[in-house]
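J.: One structure follows; several queries about it will come next.
The values are calculated or read from the model by the stated rules, or taken from the named source; none is laboratory data. Values in this document were obtained by computation on a predicted structure and should not be read as measured data. Note: ideal-geometry Cβ built from the backbone for every residue, glycine included; neighbour counts use all protein chains shown.
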C-alpha cells in the first residue's frame, strides 16, 4: 500500500467531485483526506485528494482525463521527500529555523544545499552537514553572478528554491528556471512596504503592527502570489532596529510554515492568488 | 430554484463522498459548497453540502438512506431564518452586539424575545422592538423560577436559546428541553477558570492572556462542547476589573461568531467536541 | 479631592522626571499612575501623569513652566467626560458599537450627535436618544455640503469628531477646524490598500490577513497618524464581500479602542506617529 | 561610561519616583529608560531604571537606602551577559531555537552547558560548541539522579536554569537551589491542562485554541509565576499529535521570549504573579 496525493484543477462543472471520487473508488483507492474549492467568480475547481492503496498512475490519469472537462490539469504526486536549495545572504534566523526543523523532523524535506552571496552562514550550515556554496557577487555583473548562482543551485535539481533572507533581486532569467518553485520571505506585511528597508518604512509610517509575507517569486518585485502572512504588535517604543529584531521570529515562522505547505502539495497558484487545500 | 443545506453524518466507509454527490447530481442539484471531515480515530464521517436547485426532499432522503450505511443521520435544512431567544442578566455588551448585528444584517437571525432575571436590559431590548420578559428569581425556588423561564422561552418555539451572560446555572430539566440548542458564553478560556468569577481567578493566577469560550450547554457546568474561543493579551497592570472590562469585547465577538456558525448549520456535535464545516 | 491628568511634552533633558514629580509632590498631589517615553532619536520627552489631590492649576502650570525647558507643552486635563460628534454614511456596525458601549459604560463619552450624509442610520441613532442630523450631499457642491456639515457639527463644540465609516473625503478646510481631533477608521491595514475599495484590493492581491486602522485625519488621504490597528486571518475561500463582512468586527473594535485611548488622554501626536502612554 | 540597570521594589509612598530619580540625577547618571508600576491593591511599588554614566554602586545604594522606606529591595545590575544552563529530555525545538538565537545574537546570553537525561540532543548541542552532559535517570532513585543533575548544573554557577522541555519533575530540594532562577516551558495555556499530556487533554476537551506557558518553577507543579504565554488556533481536524506538532512553534517562541525578558532584568516576582517592566 502506498500513499499519494492527487491534485486536480479545471473549469467548474456539475458533478466533478462525484466523477473524481468515483474513479478513485473504482481504482480501489481509499480517500484519506479530501478538500476541494470552487472559485465561483472565475468558475474554477480545485481538489486535493490524499489516497491510499495500490496505484496504477497511468490508468488512473487516463480515466481522469476521460472524465474531466477540457483544460483540466491533474497530477499524482508520490509522498517522496522534496529536495530544497536555500539561498541566503547574512541573516541566520530563517536558515537556522529551517535547519533545526529539518533536523528534528518538523519539516519533512531534504536540504540539498545552501547557497550564499556571503560566507557568513557557512559555519551554521555545515554544523548540520549541509553543503554550503559561497557565490560572491563582488566584482561580477549581475548576469555573471546569476550564471554562477544558477549553476550552484541547478546541480541539485531541487524541487523548490527558498530565499531565506536572500537580499538581492533575481532577474527574470533566473526566475524563469523555477516557475512557482521559488519561495521568498519578505519582511513586511505585503503589499505594505514593498522594496528595501521595510522596517524603516514601517517605523516612519508609525504603524502599530508589523508582519512578514512568504510568497512565490515572479518577475515583479514583491508581487508574487502570497502563501502565508503573519503579524505582531509593535508600539511607539520600537525603533526600526527593534522592529527588525522582533520581526525575525515572524519571518522565520511564516517562511517555515509556507515551505511546509508547499512541500505538502497544498498550494495551488491561481492567477495572482494561492488556493491552499 | 431554492437553496438548502444537506448535513450527513455516519460511520466512515469507502466511497461516501462519491455516493452522496452522485445522488445530488442525479437530483439535478448543483453543489455550491461542500465540506467533509473524517475523524479517522473514531471512523466517523461528516459532510455539509450547500445545494441549489429544485428539491424533492422526500425522494432525496430516501435515496440517501438507501446509499448510506446503517447508523447514518442526514438532514435537509431550508435556508429559513432561525428563531432565537436570548437570556440575560445585567450585562449589556453581548446582547447589544447581537441586537446591532441583527439590525444591520451581519447576523441573519430572528430575535424572538429576550428573557432576563433582572429588568436592567429591558430598555435596550425594546429600543430594537424586541419583546422583553422580566422573570425575576426573587422569592422563588430554583424550580419555580425555571418553570416560569421555560414558559417565557417556549412560547416562541425557538430554534436556539442564547445565554448572553445569563449568570444563573440552569438545571438538567431546563437543559433537557433544548438538547444542543443552548449556547452559552463563558468569560474565560475554558477549561481554565471554570465556575464563578473567572476574571478574578485569572488575576489571582497571574495569567498573561485572557479569553472567552462559546459552548453548548450540557448538564456539566462549563463542560459543554466548545464552539469558538478567542483571547486577548493582558499584563500585570490589569486589575481583575480591567480584565473584565477588556474581556467584554472578546466575549461578545466569540458569542456572536458561535451563533453565526450555529444558525448557518455548520456545527456538528461529536462526543464532547464540535466539528465545524 | 479631584483627579486630573497632566500631559507634558518637551525636548529631553537630564532630570525631567524628577523635576516634574517633585513639583507634583510639592503640590501635595499623589501620582496614581505615571508613564513616560523618550524618543531618543529625536531627543523628545513625553509624560502622562494621573494625579489626585486638591489642584491649583495656575500655580502648578507656573511651577512647571519655570522648571521645564523652552519649547515645552504641558496641559492639565480635568476628568470631565469628552463630547463627541459621530459622522456616518450607511454602515451601522461602527456607530452601533459606539452607541452600545456608551450605553453600557464601556466608553466614557457623551455622544452629542450623529451627522449622516444619508438618513439610513437615523433610526438606530434615535433608539439611543441621540440627535441625528441628515446632511445630504445631493445637489450640493463639496463646499456647500461641507459648510452644512460644519454647521451641524460645530453647534455641539465637540472635543472630538469620529468618522464611523463616513465615506466621503473631507477638504482641508474642514480638517483645519479640528486639528488632531478627527478620528477615522480605514478598512484596511494601512499603508496597504489606501483609498477606495480596500477589501476588493485585498482580494485582488490575494492577501492572507486583512485589517483595519484608526488614525487621525490630516489633509493627506489615509496618511494621518495611526492610533490603533488590528487584523484577522482570511483565506482563498473569502470573496471581497466576505472579507468586508468579516472585517466589520475588526473595524468597530479598532475604532472603539482608538476612541477610548484618545478620550482617556493617552495619545500624543509626534510627527507622523503617535505615542500612547 | 557604563550602562547598568537599577531595580527597586518597596511599599508604595508619595514621591518615590522623584526621590529615586533625584538620587540618580545627583549621581550624574542619565536615565535612558524608566518604567515603574504601582500595585494599588497591595500598595507596592516597582521601578526599573536603565542608567548610563560613571557608577559608584556603594554610595548610590547607600543614598537609595536612606531615601527609601523600610522593606525596600534595590539592586544595581551590570550589563554583563548572563550564564544559562539548559536542561532537556528528547525534544529538539526549544533547545534548537535557543541555540540558533544565541548564535545569531537575538538572545544575548552565554549557554554554559546543556544537561539531558537522554543523550538524544548531544549531537545538536555540540554542533554549537556547547558542552553536553548526559545524566541518565535509569537505575537511579530520584534523589540520586538529582544529586548528579545538581552537580552537573552547579559546576557552571549559572544565573538561570532553563527547562527546555525537560520532562521530569524536579524535587523541592533541587528547586530550592535556584529560587526564581528556573524557567520552564509548559506545553499548555496554563492553568488549563496542568500535568502530563496536555495536548491529549486539549484534544479530549475539544478546545479551539492551544498554547504554551513559560513560568518560574516553584514547588507546586505548573503553579509557578507565569512570565509569558501565547496561543494558536486549532480546529476539529487536529489530532492530539498534530496539536503537539503545531504547538512546538509556540512553545519555543514563548520560552525564548521569557528567557529574553528574564536575562534583560525585566521580570519582578510579585507573589504568584510577575511584573514585567
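J.: Considering each of A:16, A:6 in turn, give the residue that is over 25 Å from the mean Cα position of the chain (by Cα) and assigned by TED's automatic domain parsing to the domain that holds residue A:64.
T.: A:16
J.: Inspect the range A:80-94 for any residue being under 26 Å from residue A:161 (Cα atoms) and assigned to a helix (DSSP H, G or I) and give the result as yes or no.
T.: Yes, that holds for at least one residue.
J.: Could you tell me how many of the residues in the range A:222-232 are without any contact (Cβ under 8 Å) to a residue 24 or more places away in the chain and facing chain C (nearest Cβ under 7 Å)? Please lay out each step first, then the result.
T.: Keep residues of the range A:222-232 that are without any contact (Cβ under 8 Å) to a residue 24 or more places away in the chain, which gives A:232.
Now drop any that are not facing chain C (nearest Cβ under 7 Å), which leaves none.
Adding up the residues that qualify gives 0.
J.: Give me the residue from the range A:218-232 that is closer than 19 Å to residue C:210 by Cα and assigned to a loop (DSSP other than H, G, I, E, B) and, out of that set, modelled with the highest pLDDT.
T.: Residues of the range A:218-232 closer than 19 Å to residue C:210 by Cα: A:222-232.
Narrowing the set further to residues that are assigned to a loop (DSSP other than H, G, I, E, B) leaves A:222-225.
On the way: A:222: 76, A:223: 85, A:224: 94, A:225: 97.
Among those that are closer than 19 Å to residue C:210 by Cα and assigned to a loop (DSSP other than H, G, I, E, B), it is A:225.
J.: Same structure again: Could you please find all residues in the range C:114-127 being within 19 Å of residue B:105 (Cβ to Cβ) and either touching a residue at least 60 places away in the same chain (Cβ under 8 Å) or touching a helix residue (DSSP H, G or I) at 6+ places or on another chain (Cβ under 8 Å) (or both)?
T.: Once the filter is applied, which keeps residues that are within 19 Å of residue B:105 (Cβ to Cβ) and either touching a residue at least 60 places away in the same chain (Cβ under 8 Å) or touching a helix residue (DSSP H, G or I) at 6+ places or on another chain (Cβ under 8 Å) (or both), the range C:114-127 yields C:116, C:121, C:124, C:125, C:127.
J.: Take the residues of the range D:67-106 that are more than 10 Å from chain A (Cβ to nearest Cβ) and out of contact with any strand residue (DSSP E or B) (no Cβ under 9 Å at 6 or more places or on another chain): which is surrounded by the most Cβ atoms within 10 Å (Cβ to Cβ)?
T.: D:67
J.: Residue check, residue B:109 against (1) in contact (Cβ under 8 Å) with a residue 60 or more places away in the chain; (2) within 30 Å of residue A:17 (Cα to Cα); (3) away from chain C (no Cβ under 14 Å), all met but one. Which one?
T.: The one condition residue B:109 does not meet is (2).
J.: Can I ask one more? Hey, does the range C:240-255 have a residue that's buried (at least 21 other Cβ atoms within 10 Å of the Cβ), under 29 Å from residue A:215 (Cα atoms) and within 11 Å of chain A (Cβ to nearest Cβ)?
T.: Yes: the range C:240-255 contains one or more residues that are buried (at least 21 other Cβ atoms within 10 Å of the Cβ), under 29 Å from residue A:215 (Cα atoms) and within 11 Å of chain A (Cβ to nearest Cβ).
J.: For the range A:188-200, indicate whether the set of residues that are touching a residue at least 24 places away in the same chain (Cβ under 8 Å) and in a helix (DSSP H, G or I) is non-empty.
T.: Yes, there is a match, as at least one residue in the range A:188-200 is touching a residue at least 24 places away in the same chain (Cβ under 8 Å) and in a helix (DSSP H, G or I).
J.: To continue, here is another question. Between B:68, B:51, which is farther than 22 Å from residue B:269 by Cβ, assigned by TED's automatic domain parsing to the domain that holds residue B:12 and touching a residue at least 40 places away in the same chain (Cβ under 8 Å)?
T.: Testing whether each residue is farther than 22 Å from residue B:269 by Cβ, assigned by TED's automatic domain parsing to the domain that holds residue B:12 and touching a residue at least 40 places away in the same chain (Cβ under 8 Å) leaves just B:51.
J.: Among the candidates B:204, B:235, single out the residue that is more than 17 Å from the chain's Cα centre (by Cα), outside any helix (DSSP H, G or I) and within 8 Å of another protein chain (Cβ to nearest Cβ).
T.: Selected residue: B:235, the only one of B:204, B:235 that is more than 17 Å from the chain's Cα centre (by Cα), outside any helix (DSSP H, G or I) and within 8 Å of another protein chain (Cβ to nearest Cβ).
J.: Take the range C:261-275 and flag every residue that is facing chain A (nearest Cβ under 7 Å) and buried (at least 21 other Cβ atoms within 10 Å of the Cβ).
T.: From the range C:261-275, those facing chain A (nearest Cβ under 7 Å) are C:272-275; that's our starting set.
If the condition is that a residue be facing chain A (nearest Cβ under 7 Å) and buried (at least 21 other Cβ atoms within 10 Å of the Cβ), then C:274, C:275 are the ones that fit.
J.: May I pose another question? Which is in the same structural domain as residue A:262 (by TED's automatic domain parsing), surrounded by fewer than 22 Cβ atoms within 10 Å (Cβ to Cβ) and over 30 Å from residue D:107 (Cβ atoms), of A:145, A:236?
T.: None of the others qualify; the one that does is A:145.
J.: Residues that are in contact with a strand residue (DSSP E or B) (Cβ under 9 Å, 6 or more places away or on another chain) and part of a helix (DSSP H, G or I): does the range B:128-146 have at least one?
T.: Within the range B:128-146, none of the residues are in contact with a strand residue (DSSP E or B) (Cβ under 9 Å, 6 or more places away or on another chain) and part of a helix (DSSP H, G or I).
J.: Could you check the range A:1-22 and list, in sequence order, the residues that are within 11 Å of another protein chain (Cβ to nearest Cβ) and surrounded by 21 or more Cβ atoms within 10 Å (Cβ to Cβ)?
T.: A:16, A:17, A:18, A:19, A:20, A:21
J.: Tally up the residues in the range A:44-70 that are under 25 Å from the mean Cα position of the chain (by Cα) and not in a strand (DSSP E or B), please.
T.: 0
Residues are listed down the side, and each one gets a yes or a no for (1) in the same structural domain as residue C:161 (by TED's automatic domain parsing); (2) within 18 Å of the chain's Cα centre (by Cα); (3) within 18 Å of residue C:169 (Cα to Cα):
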residue	(1), (2), (3)
C:97	yes, yes, no
C:110	yes, yes, no
C:115	yes, yes, yes
C:122	yes, no, no
C:126	yes, no, no
C:130	yes, no, no
C:135	yes, no, yes
C:141	yes, no, yes
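Per-residue answers, yes or no, for (1) out of contact with any strand residue (DSSP E or B) (no Cβ under 8 Å at 6 or more places or on another chain); (2) assigned by TED's automatic domain parsing to the domain that holds residue B:207; (3) modelled with pLDDT under 95:
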{"residue": "B:154", "(1), (2), (3)": "yes, yes, no"}
{"residue": "B:159", "(1), (2), (3)": "no, yes, no"}
{"residue": "B:162", "(1), (2), (3)": "no, yes, no"}
{"residue": "B:193", "(1), (2), (3)": "yes, yes, yes"}
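J.: Next question. Anything in the range A:164-176 that is in contact with a strand residue (DSSP E or B) (Cβ under 9 Å, 6 or more places away or on another chain) and assigned to a helix (DSSP H, G or I)? List them, or say none.
T.: Scanning the range A:164-176 gives A:174, A:175.
J.: So, one more: Just to be sure, is residue C:62 under 26 Å from residue D:33 (Cβ atoms), away from chain B (no Cβ under 14 Å) and out of contact with any strand residue (DSSP E or B) (no Cβ under 9 Å at 6 or more places or on another chain)?
T.: It is false that residue C:62 is under 26 Å from residue D:33 (Cβ atoms), away from chain B (no Cβ under 14 Å) and out of contact with any strand residue (DSSP E or B) (no Cβ under 9 Å at 6 or more places or on another chain).
J.: Could you tell me whether the range D:24-33 includes any residue that is assigned to a helix (DSSP H, G or I), surrounded by fewer than 21 Cβ atoms within 10 Å (Cβ to Cβ) and touching a helix residue (DSSP H, G or I) at 6+ places or on another chain (Cβ under 6 Å)?
T.: Yes, the range D:24-33 has at least one match.
J.: Tell me whether the range C:38-48 contains one or more residues that are at pLDDT 95 or above, within 14 Å of chain B (Cβ to nearest Cβ) and buried (at least 16 other Cβ atoms within 10 Å of the Cβ).
T.: Scanning the range C:38-48 turns up at least one residue that is at pLDDT 95 or above, within 14 Å of chain B (Cβ to nearest Cβ) and buried (at least 16 other Cβ atoms within 10 Å of the Cβ).
J.: Does any residue of the range A:244-267 turn out to be at pLDDT 95 or above, closer than 26 Å to residue A:109 by Cβ and either in a strand (DSSP E or B) or assigned by TED's automatic domain parsing to the domain that holds residue A:43 (or both)?
T.: Among the residues of the range A:244-267, at least one is at pLDDT 95 or above, closer than 26 Å to residue A:109 by Cβ and either in a strand (DSSP E or B) or assigned by TED's automatic domain parsing to the domain that holds residue A:43 (or both), which makes the answer yes.
J.: Moving to a separate point now. Please find, among B:161, B:153, the residue that is over 30 Å from residue D:276 (Cβ atoms) and part of a strand (DSSP E or B).
T.: Sole residue among the options that is over 30 Å from residue D:276 (Cβ atoms) and part of a strand (DSSP E or B): B:161.
J.: Can you tell me which residue is nearest to the other protein chains (Cβ to nearest Cβ) among those in the range C:171-183 that are free of Cβ contacts under 8 Å to residues at least 60 places away in the same chain and either in contact with a helix residue (DSSP H, G or I) (Cβ under 7 Å, 6 or more places away or on another chain) or buried (at least 24 other Cβ atoms within 10 Å of the Cβ) (or both)?
T.: Out of the qualifying residues, it is C:182.
J.: Something else: Pull up the range D:207-221, narrow it to residues that are touching a residue at least 24 places away in the same chain (Cβ under 8 Å) and away from every other protein chain (no Cβ under 11 Å), then point me to the one that is nearest to the chain's Cα centre (by Cα).
T.: By that ranking, first place goes to D:217.
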